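Below is one structure, written out as structure tokens, with a few remarks after it.
The values are calculated or read from the model by the stated rules, or taken from the named source; none is laboratory data. Predicted, not measured: the structure shown is a model, and the values here were computed from it. Reconstructed Cβ throughout: ideal geometry from the backbone, glycine too, with neighbour counts over all protein chains shown. SASA here: full protein model, heavy atoms, side chains in, ligands and nucleic acids out. Shrake-Rupley method; radii C 1.70, N 1.55, O 1.52, S 1.80 Å.
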Amino acid sequence: MNPSNPPLEIHDMTVAYHKRPVLYGIDLVVPGGKLVGVVGPNGAGKTTLIKACLGLLPLSSGWVKYFGQAYRESKSRVGYVPQRESVDWDFPVNVSDVVLMGRYGKTSLFMRPTREDRAIARECLDKVKMLPYADRQISNLSGGQQQRVFLARALAQESDVYFMDEPFSGVDAATETAIIELLHELRDQGKTIIVVHHDLPTAKEYFDMLLLLNMRVVAFGDTEEVFTSELLQRTYGGRLTILSEVVDVVKQQEER
Amino acid sequence: MKGSIASLDLSAFLLQPWQDDPAGYGWIVLMAFLVTLSCGLIGNYLVLRRMSLVGDAISHSVLPGIAVAFLVSHSRDPWIMSIGAIAAGVLTTFLIENIHGRSRIKQDAAIGITFTTLFAIGVIIITVFAGKVDLDQECVLYGEITFIPFFDYVSLFGRPIAPQPVFVMALVTLITAGLIMLFYKVLLVSSFDSGLAGSLGFNQRMVHYGMMCVLSVVVVSAFESVGAILVIAMLILPGVTAYLITYRFPIMLVLTVVHALLSAFIGLHLGIWLECSMAGSIVVAGSLLFVLAWIFSPSQGLLRRVLYRFRWRENAETQAGGSPA
């Protein structure tokens, strides 16, 4: 494998729902070892971008490559944390069952999880401080705990590239801190993490790079370079409430 | 003695049948158990994937499939019926997905349109070709397990082992259980989190269509015993009853077996007592078990909820009374 191949490369990606394009001509090269935030208004196509990268939605045009290979060949190197609300938390499984699902891509379809899989699952639960809850039914978890379980499952995937869809939504402050610490740790191990994020003030703090998205790529680059009032206004368009929030944040930044 | 209910003489209804005709009743109970079990196993997934209505749809829309299969082959061979059922099941799934996916019509409406139309076509085929199609509408709709011919034995190595219908149903149950064991991981992750399943490379559409094929075969095999309407109950009842008792999916599968066994037994005796349709009494027995689980489930039953609230209030009162503010 060519080491110069970037972890994630998107070329001319267009995605449409019912013939109406949601994402146009996305061109992106994400370097390794970066924590990337994806920011944009509702309906900007943030979740769509992730799903299209993971082969969950068909592309109208363009391609996605991981380390120079198509998703089909590299799926064991790519991990995914869907939105917490996308699953039924009344489902009859417990915490370790969910984390073990992260190992499903590693072994044969028909094999039962091995002892090693279970050991890794426990390790990952420990990393998110959820080991004492291993046998807990998932409907008895708080929002923050559910998110930690999802994160542990992603860790169990042992991937090089991660996509996370709003991992900070509806979690308590302690979980938010724990997650961001974990993401920094992963980044320091050289992994690439792409996170859809809703909150602008913290976006500036948390991420190395930002992708400003509104159906097209408005800007992509290091956070300091991209987090400007001009680019954010272009991303959020005429949405005044968000706009004033943006102006405040940028002002704070300039005052510092 | 129709039109009245016989008095409840336990020995007559519980012991007499087994003394008079143990083999006959044995096959009926076994058949009822196999039907309920195979339906219940696949039904677990319908319940968890919120597809209970799809079970309803498939159970009706296999009718034109088996009618056409019969017209073409002039045979009621289970294999040919299964092929007809699978074809109809795949067509139903395809139509539902396309009506839903390629228009503004929502999924429940798409299901409603598809299965009623296909069922109507089935009814037309049966009535138009009434002379040629040896399918009784009454039987297709309601079924009757006691009318199943249990005298035609299947032989293996020259030894008769089981009546042909029981043998076929056992085979269908084994195939269903085997497929569930084989694809356990795929089915679990795709039912819980379709996004993750897709990103792991499990083809969601394939899983869905595969499940619909198995469902079609199960439903058509259950037809003779319970009919197209009551089979819906068999698909849903074991799953929801188990779901109320346990929080673990493997245990849910085991409880499905228990539920199937109990409803077959209780249903048989209820049917003998009331001299009524055995299919009906098995379903009522299954529903009874559901109600029991609903009320008495140790983890989430109504009774527990009431007790919990009562105890909580009592605690609150003693605390309020015990500590004068």
| note | So the carbon and sulfur contribution to the accessible area of chain B, 1.4 Å probe, in percent, is 69 percent
| request: Using only Cα atoms, find the angle between the long axis of helix A:115-127 and the longest principal axis of chain A, and express it within 0 to 90 degrees, rounded to the nearest 10. | output: 50 degrees
| note | Between the modelled labels at B:THR116 and A:SER76 (7 Å from Cα along Cα→Cβ) the distance in nm is 5.1 nm
| remark: From highest to lowest solvent-accessible area (probe 1.4 Å; ligands, DNA and RNA excluded), B:ILE80, B:ILE282 read B:ILE80, B:ILE282
| Ordering A:GLU205, A:GLU123 by how much accessible area each has at a 1.4 Å probe, largest first, what is the list? | A:GLU205, A:GLU123
| field | Peptide-level mean, for A:51-62, of C-beta atoms on other protein chains within 10 Å | value | 2
| request: Count charges around B:VAL166 for me, please; just the other residues with Cβ under 12 Å from its Cβ, Lys/Arg as +1, Asp/Glu as -1. | output: -2
| said: Report the Cα centroid-to-centroid distance between segment B:25-86 and segment A:9-77 in angstrom, as an integer. | reply: 42 Å
| Where in chain B are the helices, taken as whole DSSP H runs, whose Cα atoms extend 18 angstrom or more along the long axis and whose Kyte-Doolittle mean reaches at least 1.0? | B:22-48, B:52-73, B:78-101, B:107-128, B:164-182, B:204-245, B:249-274, B:278-296
| Probe 1.4 Å, accessible area per residue of segment B:1-102, Å² | 46 Å²
| query | Accessible area of B:ASP9, 1.4 Å probe, to the nearest 10 Å²? | reply | 70 Å²
| Among the residues of segment B:148-184, which ones have their accessible area go down by 20 Å² or more when all the protein chains sit together, as opposed to their chain alone (1.4 Å probe)? | B:LEU182, B:PHE183
| Relative contact order of chain B, pairs being alpha-carbon contacts under 8 Å that are 6 or more residues apart, as % | 26 percent
| B:ILE236, A:ILE50, ranked by accessible area, largest first (probe 1.4 Å) | B:ILE236, A:ILE50
| request: Using only Cα atoms, tell me the angle between helix A:173-188 and the longest principal axis of chain A; keep it within 0 to 90° and round to the nearest 10. | output: 90 degrees
| Share of carbon and sulfur in the accessible heavy-atom surface of segment A:8-255 [1.4 Å probe, %] | 47 percent
| To the nearest 20 debye, what charge dipole does chain B have about its Cα centre, counting +1 at the Cβ of each Lys and Arg and -1 at the Cβ of each Asp and Glu? | 1240 debye
| query | Sorted by average packing, counted as other Cβ atoms within 10 angstrom per residue and highest first, what order do B:139-149, B:182-192 take? | reply | B:182-192, B:139-149
| request: Count, for each residue of A:95-101, the Cβ atoms from other chains sitting within 10 Å of its Cβ, then give me the mean as a whole number. | output: 3
| task | Summarise the partner chain shielding of A:30-39 as one whole number: the mean count of Cβ atoms from other chains within 10 Å of each residue's Cβ. | result | 0
| field | Relative contact order of chain A, pairs being alpha-carbon contacts under 8 Å that are 6 or more residues apart, as % | value | 25 percent
| task | Taking a probe of 1.4 Å and counting only protein heavy atoms, give the total accessible area buried between chains B and A in Å², rounded to the nearest 100. | result | 2600 Å²
